[in-house]
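The structure under discussion appears below in the form of structure tokens.
No value in this document is a laboratory result; all are computed from the given coordinates. Only a predicted model underlies this, so the values are computations on that prediction, with no experimental measurement involved. Quick reminder, even Gly has a Cβ in these numbers, built from the backbone with ideal geometry, and neighbours come from all protein chains shown.
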Amino acid sequence: MEPPGNLDPDKDDLPLRANTNHILVKHYVLDLMVHLHSRLISSSIVLFLEPQPEADEAERCQDGATFQEADTLAFGAKAEEKEKTWDSVDVQTSHLWHTTSNSDFTLVLDCCDLDVSKVEEVDITSSPDIMGLLPQSASKILSENPQSAFMENLFSMPSSQWQMKHQIFSLCSHAPCAEDGSSLPFRRDLWSLQVRKRRVESSHQFPRIIRIHYQTKPSASSLRWTKDQDDRLCVYTAGSPINNRALFPCQEPPVAMSTWQATVRAPSECVVLMSGEEQAVPTKDGNTHFLVWNYYVTMPMPASTFTLAVGHWHQVATETFSALETEVGEKPDCGNMTKPRPERGASTESRLVSRPGKSSRKTVKDSPLQTGSGEDNTSSSSADYLAGLLSCLLVQRVIPHRVFSPVCLLQKAQMSILKLLPPCLAAAHAVLGVHPFPRLDVLIVPSGFSSLGMASPHIVFLSQSVLDAGTPASAENSLSLCGSRICHEIAHSWFGLVIGARDWTEEWISEGFATCLEDTIWAQAQKFSSRERSEQFDLKALLRWRRLSDEMQNSKEELQILRPNMEKTGQVSKSGSSTVKHALNPEKTFMQVHYLKGYFLLRFLASEVGEQEFIDFLRMFVRKYHGHLILSQDFLQMFLTTFSHMNRKSLTLADIYTDWLDRPGIPEWLHERSAVWSQTRLVEEVREEVIKWILFSRTHQGKGRKRKRLKPKTNFKELTADQLVLLLELLLEEPELSAASMHALYKIYNLHRQDAEVRHRWCELVVKHAFTQGYADVEHFLLYDQAMGVYLSCRGNGPVSAQSGGGDDPVTLEVAETLSGSRTHLFFWDTGHQPSKLFTQDYYIFTL
């Protein structure tokens, strides 16, 4: 996604300010009201807090230092100077803040772009009905503080009692504020919300329940307010780099694992999708025009995994017809070259779409989570969750799933995503075992979504770029990108969600594993033979090698390192605060090093022990670390212990750190292996076709503009989508291609009907060779395939200067962008640098 507009351009690191070593949020209760036309969410959030055992020692180490002084001790004087600059930009302070002192304990939450109106202490002791729900604590210390005792009992309830537990959380969240009715003093700066209570000097004395009233801002970077492909308002959580701190005050560090429940009020015509263990069934909100949706999670997760989408989505039914599409009228065509006509006897909306909450809720409701005990090294809460999950999902190879999209994409979503989900889910189960989550929603997000997909608990966002670009009849031949991307996001359920990186700089733990496993799961879903599997893996590896090689040559070395903190990885300050190195660097947004270099590290390890043995090891690793946060060393140490013969091959942890994780560039093994991948059968087939096209171009130089089009007499071979990508990449290396050959390429391979990866390379060829007949494809790509970058990398430095296909004057094609306005134009510049609009439409675009 695009970097937030108010970030300091000189500061690459993302601050994680929450003092998690002092106090942890164990549970959130959110009450969100979505105002689509105003582009804001009015909200209250109740935080249930638990002081940490080591808090007293950490607080003594700071010895009365202010929050800013403590941070300076941790991160140095330069951080303090930056803080002063940021604070002068965006600071909000309650009128009571000046009544507190530096000796008062400060609860620090990660927060950004929120208007906080009030913070108050919640007092449940004034509600006998609540206090009587749980037995009194036998501890003398806790019995002297009934509210603390009550919270300890509540936190310790097993997950088998999740219904009662959530009911109690809900009752507590509505309890009145403390007797005096006064607000808690607070201060909000650019990156944090700080809360104090006068004369409370330790986390153990701090209130156990607080309520925060606030409102988001239209510019909040955690949310994307936009219109969907039917031109209707919607909003969804944007994900990294700043995650959810501009949606609600929270503890962002991944160690702050919590559960949550949320009530979302949205316009009655909207559908609310969210990370939650059951499908929500909306209810009316009194006499208002809003519906109320309720979601919850019982497995402790980082706050960054909280996901929300509100819009006029429709559920894709098992049989989709185009009747409802005609009701969209003159709305945007979502990238369709032509809009399908309604079939005779086409069904009504009730048959075309399935409204949420009516299809498979019973499946989930009839399988409540059961209590159980996990392995010794698994935390009690995640062990309870895992045991319950095993009991209800052990036989479910395909978990309940739904697909949502705008109306104009229903047919494409049905023909691709809904069709592919069952085999992909079953394949993932075969490869990795029990699904970590009991259900899955998939949403086709608006065209401005800046990646192909994003996985969260129980929900996946997919770009429209993964949909089949052709007609329903041709869908069978162009599902590779869609299938592999679905497998990638499903793999994140294991690597990235239930097993996460303890230090966010180690992104490869999430993305490298998902990239590696997408190939394995997709091959399983397609039931490839051993030979087909091996050939496809090698072709994919070569394509990724070429991409990584290009990236290494055109990026800063500091951004090429998978473990940038090296031996300090995972370390935090005494309070628990830290920074994520390079997280706000705009160049990092476009890099894939964590995907690709991480993928190749896993390929290297698999090559040392055997592919099937490596997959068996991953299954064992998943069972051991379910619900855990890990560092690279946890995975690598277990690998080297499991395969002890690696010592005889002189493969050590230090070697892997040196070659793969702690320095830039490409390891020697990868250079050697790429030569092998370049000589495989599928690659040789492509090289033979490249030679044919070069010869065709030379024999048809200058032909095909004013004369009758010549049909190629050469017999060109049919290629798979991945082979087409390689073909076009190799042709991009040619200095010249004739207009006739460009036209022939387009017609023979039906390039406008291919997947987005192929069309991306085609657009690069169009721009490089100024093939004017292809400019409509470039415009279409920029409008509808923003998830692919979106920028045209034309294998050169700076603007592209090229001769047009018809021999016109030299032109330079550039992209002009205004981040603050978000609307941009594609321009031609002639030799006099006079801009003239090439296309009539405006569009969003991201560029380097």
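What is the distance, in nm, between label points placed 7 Å from the Cα along the Cα-to-Cβ direction at Glu558 and at Ser103?
A separation of 4.2 nm, rounded to one decimal place.
Return Ile490, Ile748, Ile630 ranked ascending by Cβ neighbour count within 10 Å, so the fewest neighbours appear first.
Starting with the residue having the fewest Cβ neighbours, the order is Ile748, Ile630, Ile490.
Under a plain spin-label model, where a point goes 7 Å from the Cα along Cα-to-Cβ, how far apart in nm are Glu672 and Lys527?
With each label placed 7 Å out from Cα toward Cβ, I get 3.9 nm.
Full-extension gain between Arg397 and Leu96, please, as 0.36 nm times their residue separation minus the C-alpha to C-alpha distance. Spell out each step's value before the answer.
Numbers: separation 301, 0.36 × 301 = 108.36 nm, distance 5.60 nm.
Full extension from Arg397 to Leu96 adds 102.8 nm.
In nanometres, what is the gap between the two model label sites at Ser219 and Thr283, each 7 Å from Cα along Cα-to-Cβ?
Calculated label separation equals 3.9 nm.
What are the ³J(HN,Hα) values, in whole Hz, obtained from phi via the Karplus relation 6.51 cos²θ - 1.76 cosθ + 1.60 with θ = phi - 60°, for each residue of the range 572-582 in sequence order, with x given for Gly and Pro?
Calculated HN-Hα couplings, in order: 9, 6, 4, 7, x, 6, 6, 10, 9, 5, 6 Hz.
Where Lys and Arg each count +1 and Asp and Glu each count -1, what net charge lies around Leu682 among other residues with Cβ under 9 Å from its Cβ? Display every interim value, and only then the final one.
Details: positive: Arg681; negative: Glu535, Asp538, Glu684, Glu685, Asp722.
Here the charged neighbours net out to -4.
In the range 115-248, if the dipole is taken from +1 on Lys/Arg beta carbons and -1 on Asp/Glu beta carbons about the Cα centre, which of Ala238, Ser148, Cys172 is farthest to the positive end?
Checking the options against the dipole of the range 115-248, the answer is Ala238.
Evaluate the Debye formula for the range 179-249 with equal point scatterers sitting on the alpha carbons, no solvent, and hand back log10 of I(q)/I(0) at q = 0.16 Å⁻¹, in q order, two decimals.
-0.73
So what J values fall out for the range 602-609 if you push phi through Karplus, 6.51 cos²θ - 1.76 cosθ + 1.60 with θ = phi - 60°, rounded to Hz, Gly and Pro as x?
Couplings: 5, 4, 4, 5, 5, 5, 7, 10 Hz.
Which ordering of Ser38, Ser644 is given by a fewest-first count of other beta-carbon atoms within 10 Å?
Result, fewest neighbours first: Ser644, Ser38.
Check each of the trypsin sites (Lys or Arg not before Pro) in the range 512-602 and keep only those in coil by DSSP with at most 14 other C-beta atoms within 10 angstrom; list them in order.
Of the trypsin sites (Lys or Arg not before Pro), the ones in loops of the range 512-602 whose Cβ has at most 14 other Cβ atoms within 10 Å are Lys527, Lys556.
For a footprinting-style exposure proxy, rank Thr288, Thr318, Thr520, Thr569 by other Cβ within 10 Å, fewest first.
Sorted ascending by nearby Cβ count, the order is Thr318, Thr288, Thr569, Thr520.
Within a Cβ distance under 10 Å of Met566, other residues only, what is the Lys/Arg minus Asp/Glu net charge?
Summing Lys/Arg as +1 and Asp/Glu as -1 gives +1.
Do the alpha carbons of any pairs in Lys692/Lys768; Lys11/Lys217; Lys574/Lys649; Lys556/Lys747; Lys527/Lys588; Lys227/Lys527 sit beyond 31 Å of each other, and which pairs?
Check vs 31 Å cut-off fails for Lys574/Lys649; Lys556/Lys747; Lys527/Lys588; Lys227/Lys527.
Take the Cα atoms of the range 453-599, find their three principal axes, and give me the spread along each one in whole Å, biggest first.
59, 37, 30
If each residue of separation counts as 0.36 nm, what is the full-extension length gain between Arg663 and Ile748 once their alpha-carbon separation is subtracted?
So the chain would gain 26.2 nm between Arg663 and Ile748.
Looking at the range 143-207, which trypsin sites (Lys or Arg not before Pro) are DSSP coil and have at most 15 other C-beta atoms within 10 Å of their C-beta?
Here the trypsin sites (Lys or Arg not before Pro) that fit, given the DSSP loop and packing criteria, are Arg198, Arg199.
Between Leu24 and residues 5 or more places away or on another chain, which pairs have amide H atoms under 5 Å apart, with H built 1.01 Å from N, and which residues are they?
Glu50, Gln52
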